[in-house]
Amino acid sequence: MQTVELLCDPPFDRAVRAVWQRLADAGVDSLAHNPHPGHRPHLTLATCARMPVGAAERLDELMAEALPLTVRLTGLLSFAARSRRRVLSWAIVPTVELVQLHQRVWDVLDGAEEPAPHYVPGHWSPHLGLTRRLTPEDVSLAHTALGRHPDLTGTFTAARSFDSEAQLTRPLGVVDGTLG
């Protein structure tokens, strides 16, 4: 699979990682200790088996133009995972700018192989992941650990694509050798 992801600026990244750690400290299987060296807080805009030819270059131009992008995180979302397990995420308010960027990414990806249905326009719920797959009891523990979970405003300042087959990331937003 190949993704298009937005990356947090340093203060935003630290704030999300603090929530991951708070969950881990409470015994919840959070993303705090994900062993992949490239793992970091991110917003996935798109996932597909393979991007169309030339898409990465068009995404470079799009991201150079669209970023930085400020968003507000609010509330917790719970998505179904395997069996009875759930994944807990922090919801992102879908502003006009974010929804338009999401649509423009999919315009670039028109013709992509096997687009992931939960990420296409009209089916996407913008969020930042907080946990791995949790049992219902662990979801309850996570809610208890977080208590009244506050809203957070943060800024996405970079973008990347991740290729799960090659286990490589590629920065997006690079135009003429510089990040946009």
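The values are calculated or read from the model by the stated rules, or taken from the named source; none is laboratory data. Everything numeric in this text was worked out from a predicted model, so none of it was measured. In this analysis, Cβ positions are derived from the backbone assuming ideal geometry, glycine residues included, and neighbour counts consider all displayed protein chains. Accessible surface areas use protein heavy atoms only, side chains included; no ligands, DNA or RNA. Shrake-Rupley method; radii C 1.70, N 1.55, O 1.52, S 1.80 Å.
Among the residues of the range 50-79, which ones are over 17 Å from the mean Cα position of the chain (by Cα) and closer than 30 Å to Arg133 by Cβ? Before you say what the answer is, go through the steps one by one.
Step one: list which residues in the range 50-79 are over 17 Å from the mean Cα position of the chain (by Cα), which gives 50-58, 60-62, 64-65.
Arg50, Met51, listed by residue number.
Can you tell me which residue is most open to solvent (accessible area, probe 1.4 Å) among those in the range 34-51 that are within 25 Å of Pro94 (Cβ to Cβ) and in a loop (DSSP other than H, G, I, E, B)? Can you show your working first?
Narrowing the range 34-51 to residues within 25 Å of Pro94 (Cβ to Cβ): 39-48, 51.
Pick out the ones that are also in a loop (DSSP other than H, G, I, E, B) and you get 39-41, 51.
On the way: His39: 39, Arg40: 74, Pro41: 3, Met51: 31 Å².
Per the criteria, the residue is Arg40.
Every condition in (1) in contact (Cβ under 8 Å) with a residue 60 or more places away in the chain; (2) open to solvent by 10 Å² or more (accessible area, probe 1.4 Å) is met by Gln100 except one, and the failing one is (1).
Residue by residue, here is whether (1) under 19 Å from Trp124 (Cα atoms); (2) at pLDDT 95 or above holds:
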| residue | (1), (2) |
| --- | --- |
| Gly38 | no, no |
| His42 | yes, yes |
| Leu45 | yes, yes |
| Arg58 | no, yes |
| Thr70 | yes, yes |
| Val93 | yes, yes |
| Gln100 | yes, yes |
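Among the residues in the range 140-157, are any within 17 Å of the chain's Cα centre (by Cα), buried (at least 19 other Cβ atoms within 10 Å of the Cβ) and of a type outside the set (Phe, Trp, Tyr)? Yes, the range 140-157 contains at least one residue that is within 17 Å of the chain's Cα centre (by Cα), buried (at least 19 other Cβ atoms within 10 Å of the Cβ) and of a type outside the set (Phe, Trp, Tyr). Residues that are over 15 Å from the mean Cα position of the chain (by Cα) and either closer than 18 Å to Thr95 by Cα or touching a residue at least 12 places away in the same chain (Cβ under 8 Å) (or both) were ranked within the range 110-120; the one that is surrounded by the most Cβ atoms within 10 Å (Cβ to Cβ) is Ala112. Of all residues in the range 52-71, exactly one satisfies the criterion of being touching a Ser or Thr at 6+ places or on another chain (Cβ under 9 Å) and exposed (fewer than 13 other Cβ atoms within 10 Å of the Cβ), namely Pro68.
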